[in-house]
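This report concerns only the one structure given below.
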Amino acid sequence: MEHKDRMDVVVVKTYHMEEQVVRSMLPPMKELLKWFDEEDEERRRRIVGLRRFPALTCFARNDNGEDTMEEENVLSNARVVRDLAEELIGIIESAKSIGEFRGTHKKESQTLVRRLRHCLPLLEELRDLDAHIPQICISCLQRLKKSFILAKKLLKTCRAGSKIYLILEAEAMVNRFSSVYDKLNRAMDGFPYQEIGISEEVKEQVELMCMQLKRAKQQMDSQDMELTMDMRAVLSFYDDQIAECESIEKLANRLPLNTLEDLRIETVAIRKLVKERRGQNAEGTQNIIDLLDKFKRFAGIEQVNVLDDPLPCNRSLRKCTSIAIPFEFLCPITLEIMRDPVIVATGQASSYDPHLILHFYTTYERASIQQWLDSDRQNCPKTGLPLTHTSLVPNVALHNLILQWCEKNNYQIPKKLPPPPPKKAHAEKVITLIQNLSSSQLQVQRKAVTKIRMISRESPDNRALIAEKGGILPLVQLLSYPDSKIQEHAVTALLNLSIDDNIKKQVSAEAPIPAIIEILQNGTVGAKENSAAALFSLSMLDENKALIGSSNGIPPLIALLAEGTIRGKKDAATALFNLSTSQSNKARAIEAGVIKPLLIILENKGLDMVDEALSVLLLLSEHPDGRKELGQLSFIETLVKFMRDGNPKNKECAAAVLLKLCTNNNNNLVVALQYGVYEHVSEISQNGTKRGKKKAEALLQLMTKSGQIPTYNISSINSLC
């Protein structure tokens, strides 16, 4: 009885002993076991029960009463499973504490964390399990650990990785998520739930998660896709600094990457990425570095090679103003020191008196602001205010200050490097894009038509390649696609292709004009503008002039002329001018009411479209109905004012229109003389443009031939009415 009590004590006290201590107790325990009677089932059950405790490597008797030793398999497996479960739970808790994810890949990151948390009940049961553990369970947990580590690394990248990388290589990120899900699913394949006694509820939860992983289809978020396309577009800009500046500003605000701290953190993240890649995917890495340089340049920050400076700090990201060049000397568009600074004037109505216009002046590099103006923009790039005029006035004072500063600081203004030649698209890539135009997936179509629009703008070789590989027909078919963005990109791509005369004929052969007119009537603002430009380009072919007119394409052009943006008005006026070279289209335009919006444009000085409007009116004045509608006192007075106060081109156009109205119409000539046109005609004949001089001389001859002398006064005009 004494020995039995001692054995109870031994068993109780060894439940939680360390393995080394238990091993030291085995010899006396073996001697103690000899005392037990083989028929004493209760005592034998107690000893055999020791094997349930994972902290012990123990022995037992078999059914024949022989001593057997349980070697380290049971102990080792149980301890490994317990340690793995603890480690996996720690990884999940670490992933949960990563924090708020950025907008990019935010949804997928949150979904991944949620799926990791679904594994917690299983791991908690494994941690507390004291049953026999088979080797397959350990293998599953080891695979699960590898997938958890990959998942945690991926989540950290989404939380604190390079923003540029996450956007530019969004497709690679989607593939990384898919890879993690695949590894999670494979890790749980064949897990011995029943063999180790996992509860049915936990088993069902884990199996449901695995089923979701199998069904999960990874695809890019639409907003992420839009950002990716915008960022790739920035890489495609070679000589269009204005478009690049606008795109960089848009991206910098959305990411954001527009402050000193933002760019410092991004530089650290990119440097870490470069080290992790170890030279792999060199082209992609270079694109990321190039984009970082563009963001720094836009923010006015010194560009330091990411690979050169091993310790990123605030000193390596300093404002240009704090390094050398005064900020006032930098062009707001290019952020480079100005070589030829010019002033542009903007106007804004006073909040106190709407009739009072407040003028503001901003200085730019001449080449940059001229490129801005050439792209049909009529507002100030810096302030966004409308330009009062497009004349560029040299800023002599600032130019002298820049030269003095350069001399004093021994600073040499860097020479302007010529832009690199546009890249030629690869034939295989173009073929793939053309095939994707007919894809059943909307996002694939959008991506393809956007890319074709971009490359068709870059070079004649690209346009020829798109046409050669059969890209025109699917683009024409997309004009009728029920998606406004696809319509806009398609009509713009066709506009780009039609620039080349040979391709223009190929485009026309696919009968795109009715669909373009439909977009002109019902499309987005940008689509309407580009449709007008496309009609102008296609109307270079005489057969298309008649087709556009007979297809009722003139009324929507007049509507755009009256109600569109400045760019839209100019596109419409240009198209109407070309169409009006056809006599039948003149009648259609006059009947559709084109003259009224043209006269309104003449009165609006802010549009700066006098020459365009007068050019169209000149063609319309060749038609009897046009001359009849234009032969009004108010319009003749307007022509005389332009001949007096307009620029040389205005004077030339006004003189040409007046000549048309006065030929074979003595009354119109008399009215013009009453408004004092003789003096202005004489001045133009002496100092006007070459064409202006010819028109002015023809007017003087007309006056002489008619016997009219300039002795009328304004008060006598009413007698002619």
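The values are calculated or read from the model by the stated rules, or taken from the named source; none is laboratory data. Since we're looking at a predicted model, the values are computed, not measured. Note: ideal-geometry Cβ built from the backbone for every residue, glycine included; neighbour counts use all protein chains shown.
Select from region 220-243 the residues that are in contact with a helix residue (DSSP H, G or I) (Cβ under 6 Å, 6 or more places away or on another chain), at pLDDT below 70 and in a helix (DSSP H, G or I) and write down the one among them that is nearest to residue 111 (Cα to Cα).
236
Take residue 572 and decide whether it is in a helix (DSSP H, G or I), small (Gly, Ala, Ser), out of contact with any Asp or Glu (no Cβ under 9 Å at 6 or more places or on another chain) and buried (at least 24 other Cβ atoms within 10 Å of the Cβ).
Considered against the rule, which asks whether it is in a helix (DSSP H, G or I), small (Gly, Ala, Ser), out of contact with any Asp or Glu (no Cβ under 9 Å at 6 or more places or on another chain) and buried (at least 24 other Cβ atoms within 10 Å of the Cβ), residue 572 comes out as no.
It is to be established whether one or more residues within region 206-218 are over 35 Å from the mean Cα position of the chain (by Cα), crowded, with 18+ Cβ neighbours inside 10 Å and either over 22 Å from residue 128 (Cβ atoms) or of a type in the set (Ser, Thr, Tyr) (or both).
Checking region 206-218: at least one residue is over 35 Å from the mean Cα position of the chain (by Cα), crowded, with 18+ Cβ neighbours inside 10 Å and either over 22 Å from residue 128 (Cβ atoms) or of a type in the set (Ser, Thr, Tyr) (or both).
What number of residues within region 452-483 are in contact (Cβ under 8 Å) with a residue 24 or more places away in the chain and more than 18 Å from residue 519 (Cβ to Cβ)?
Total meeting the criteria: 16.
Please find, among 671, 610, 640, the residue that is touching a residue at least 40 places away in the same chain (Cβ under 8 Å) and under 48 Å from the mean Cα position of the chain (by Cα). Lay out the reasoning, then the answer.
Numbers: 671 fails: under 48 Å from the mean Cα position of the chain (by Cα); 640 fails: under 48 Å from the mean Cα position of the chain (by Cα).
Being touching a residue at least 40 places away in the same chain (Cβ under 8 Å) and under 48 Å from the mean Cα position of the chain (by Cα) holds for just one of 671, 610, 640, which is 610.
Considering 181, 193, which residue is at pLDDT below 85 and either closer than 30 Å to residue 265 by Cα or part of a loop (DSSP other than H, G, I, E, B) (or both)? Let's see the steps before the verdict.
On the way: 181 fails: at pLDDT below 85.
The match here is 193.
Any residue that is among the β-branched types (Val, Ile, Thr) and buried (at least 22 other Cβ atoms within 10 Å of the Cβ) - is there at least one of those in region 519-534? Talk me through it step by step, then tell me what you get.
If we filter region 519-534 for residues that are among the β-branched types (Val, Ile, Thr), which is where we start, we get 519, 524-525.
So of that shortlist, the ones also buried (at least 22 other Cβ atoms within 10 Å of the Cβ) come out as 519.
Checked against the condition, which is being among the β-branched types (Val, Ile, Thr) and buried (at least 22 other Cβ atoms within 10 Å of the Cβ), region 519-534 yields at least one hit.
Can you tell me which residue within region 154-180, out of those that are surrounded by fewer than 21 Cβ atoms within 10 Å (Cβ to Cβ) and among the β-branched types (Val, Ile, Thr), is farthest from residue 223 (Cα to Cα)?
The selected residue is 157.
Kindly provide the set of residues from region 592-640 that are touching a His at 6+ places or on another chain (Cβ under 7 Å) and either part of a helix (DSSP H, G or I) or in the same structural domain as residue 674 (by TED's automatic domain parsing) (or both), ordered by number.
Within region 592-640, the subset touching a His at 6+ places or on another chain (Cβ under 7 Å) is 608, 640.
Across region 592-640, the qualifying residue is only 640.
State whether one or more residues within region 304-322 are modelled with pLDDT of 55 or more and either assigned by TED's automatic domain parsing to the domain that holds residue 394 or small (Gly, Ala, Ser) (or both).
No, the conditions are met nowhere in region 304-322.
How do the pairs read when you match residues in region 150-171 that are touching a residue at least 12 places away in the same chain (Cβ under 8 Å) and under 15 Å from residue 234 (Cβ atoms) with residues anywhere that are assigned to a loop (DSSP other than H, G, I, E, B) and of a type in the set (Ser, Thr, Tyr), using Cβ under 8 Å and keeping only pairs 6 or more apart or on different chains?
Pairs found: 163/104; 167/104; 170/104.
Suppose the filter is farther than 24 Å from residue 573 by Cβ and loosely packed, with under 15 Cβ neighbours inside 10 Å; does residue 448 pass it? Don't jump to the end; show me each part of the working.
Numbers: farther than 24 Å from residue 573 by Cβ: yes; loosely packed, with under 15 Cβ neighbours inside 10 Å: no.
Spelling it out, it is not the case that residue 448 is farther than 24 Å from residue 573 by Cβ and loosely packed, with under 15 Cβ neighbours inside 10 Å.
So residue 650 fits all but one of (1) farther than 30 Å from residue 502 by Cβ; (2) not assigned by TED's automatic domain parsing to the domain that holds residue 662; what number is the exception?
(2)
Listed residues 466, 516; which is surrounded by 21 or more Cβ atoms within 10 Å (Cβ to Cβ) and farther than 22 Å from residue 233 by Cβ?
On the way: 466 fails: farther than 22 Å from residue 233 by Cβ.
Only one candidate passes the filter, namely 516.
For region 176-188, check the following and say yes or no: at least one residue is free of Cβ contacts under 8 Å to residues at least 40 places away in the same chain and farther than 20 Å from residue 108 by Cα.
For region 176-188, residues free of Cβ contacts under 8 Å to residues at least 40 places away in the same chain and farther than 20 Å from residue 108 by Cα: absent.
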